[in-house]
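All of the numbers you see were taken from the coordinates with simple rules; none came from a lab. Since the model is a prediction, treat every value here as computed from it, not as a measurement. Note that we place each Cβ from the backbone using ideal geometry, even for glycine, and neighbour counts take in every protein chain shown.
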Amino acid sequence: MQRYLTSAVFVILVALLGASAWLGDFSEALSWRFTAPLASGADRHQKPQFKRGFIFEQSPTSSVHAPSIVELSNGGFMAVWYGGTREGSSDVSLYASNLDPVSNHWSVPRVLMGRQRVANDLGRHIRKLGNAVLLSDGQNNVWMFFVSTSVGGWSTSAVNLSVSNDDGQTWGPVVRVASSPFLNVSTLVKGHPFFYTDGTIGLPVYHELLGKFGELLRMDTNGVVLDKQRMSKRRAAIQPDIALLTNNQMHAVLRNTGSSRVVLQQSSEDAGNSWSSISETQLPNPDAAVSVTAVRDAMVMAYNDTDDDRDRMALAMSRDKGNTWRKFFQLEKGGVGEDGEKDEFSYPYLIRAKNGVYHLVYTWQRKLIAHVSFNDVWIGNRLQ
Amino acid sequence: MNEVWQILCVVLLLAAAGAFLSGFAGLRKYRWVGMMLMLLIAIIPFAETSIWLWMRGLIGGLSILSFVLLTGYLGLHVTGKEVLDRKTRSALYATAFTGGLLLYPATLGLSLYDPYRLGFGIILAIVVLGLSVLLWFAKRQLAAVVLVVVVLADQAQLMTSINTWDYLIDPLVWIIAPFMLLRLRLQA
């Protein structure tokens, strides 16, 4: 009798726990909707604008790489990149510089986050730091997602988050984003984060351990992952960057790690909850990062327009959701530098600001961070 | 909570490694010393790090199944008494092995569908609770209770993750599971 009673109590407890979990799950149902960026600034009466330069003339480190940029609440911009003796060395830190909206000058680069600071905050060994991307809510809050490894190479990376509540001047404690069941390793960032309408964050990431594929993380503002969607399988494509189109549609472009040597792309009709299979664009890709942004349903992409090296950089546009891409400007032509080394222009990161001006940053010879800005009228003139 | 859990997991893992190495060296009587020695060695700093920090960097936190099985292993060697009986261990290792087989190959990119996503919703938690009821009526009551604890820990958000898979299994227990199942079978 007692045995039956114990079993009955156990089953009732399990049922109650299940019901509680069920109710909790419903209360946290995610809405797969986002607001497409405004098309402000897309005014034909504007003057064409194109400007290129560097964030700094003298780098504080001998090697710099993987810049990203974000528009801040004051109308200025902040760029972040990693720099050190060389990629992956223990002295690599994350550096930042601000573009003043009034003077239009970049500030002197400053260390944003060092390896030791990350190790102290996380209470664990940190071997090296890598790619960082930024997200601003336009109200002084900036989220920085960045890669670190504790053991092994980049394929064992994890994503970390630090939040600033003063437009990037000071940064809160680093937390680790729990994104993978495999000891939480092999999640890396490169593409733009964005907000969903319910205030959660979408972060395109990629996996590099054995398989190579893109993923979309959905997380709350504290970095707790609420959902994750696989974008492809096996060893096809990494470093997804996502353009937000109208009507809840998304378009991703990806670095091709396979043999076909062209930029890959895929789309989502439901804000990233499901993805089409990967297709090939007509644009070449030398197994290098690409970046895309959109206004209405037109997309602009920065990419290496060669299939064998990273010594050329160009801009292309698609007005038919990726069916066709047209190159409209050659940014870097490539060749051999003064030191006899082949040129390297890589890791573009392209955004479109609220005033309609595009800002592109990329690694320039691993020595400088290039900054290029242009507007829709300039693009229109190039396409004529 | 997450921080405490991670520290506890690393302490447990280091102590278990110390106990295992002592036994392996034929010093079964001195397992206590081996455990303590391992913990002491772990906190000695070298080259800007330590085994302790390195382990924390490597594993973060363990799953509930790993934690319970490690506790059982240590309990046996500290008290000399079997904390987890053979049936319970067998059920837990079988759960870990089967779960890992369903999860890890797909997670590493073998399929387009990622079963890890199931752990963010209610489905996996319900499956785990269903399995716990089955184990209960299969007279593996302790294993059934452990699975209920898995869901409880998930609901209480013991770790940073809210994914049930992270509370159920981790790669360490998955890798060890087939060997332990074989050993249990051979001992039977």
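For the reader, a short list of remarks on this structure follows.
- For the peptides B:180-188, A:62-70, the ranking by packing is A:62-70, B:180-188, with the highest mean count of neighbouring Cβ atoms within 10 Å listed first.
- Centroid-to-centroid separation of segment B:98-132 and segment A:308-325 [C-alpha atoms, Å]: 38
- Charging the Cβ of each Asp and Glu at -1 and of each Lys and Arg at +1, and nothing else, the dipole of chain A about its Cα centre rounds to 380 debye.
- Top of B:Asp166, B:Asp154, B:Asp85 by mean-square fluctuation, Gaussian network on chain B, Cα under 10 Å: B:Asp85
- Lysine pairs with alpha-carbon atoms under 21 Å apart, segment A:2-383, spacing 8 or more or separate chains: 17
- Helix runs (DSSP H) in chain A reaching 27 Å along axis by Cα, Kyte-Doolittle at least 0.0: A:2-27
- For segment B:96-127, the list of chymotrypsin sites (Phe, Trp or Tyr not before Pro) that fall in a loop by DSSP and count at most 14 other C-beta atoms within 10 angstrom reads B:Tyr113.
- Debye intensity ratio I(q)/I(0), log10, segment A:121-271, q values 0.10, 0.13, 0.21 Å⁻¹ (C-alpha model): -0.34, -0.58, -1.40
- Nearest-ten-degree value, helix B:141-155 long axis tilted from longest Cα axis of chain B: 80
- Candidate aspartates and glutamates - alpha carbon under 14 Å from B:Lys139, same-chain residues fewer than 8 apart omitted: B:Asp85
- Expected 222 nm ellipticity per residue - DSSP helices of 4 or more, -39500 (n - 2.57), all of chain A, to 500: -3500 deg cm²/dmol
- For segment A:135-191 versus segment B:16-34, the inter-centroid distance based on Cα atoms is 39 Å.
- Modelled this way, with points 7 Å down the Cα-to-C-beta line, the labels at B:Leu76 and A:Asn165 are 5.0 nm from one another.
- Using alpha carbons only, the radius of gyration of the protein assembly as shown set against its Kirkwood radius gives Rg/Rh = 1.02.
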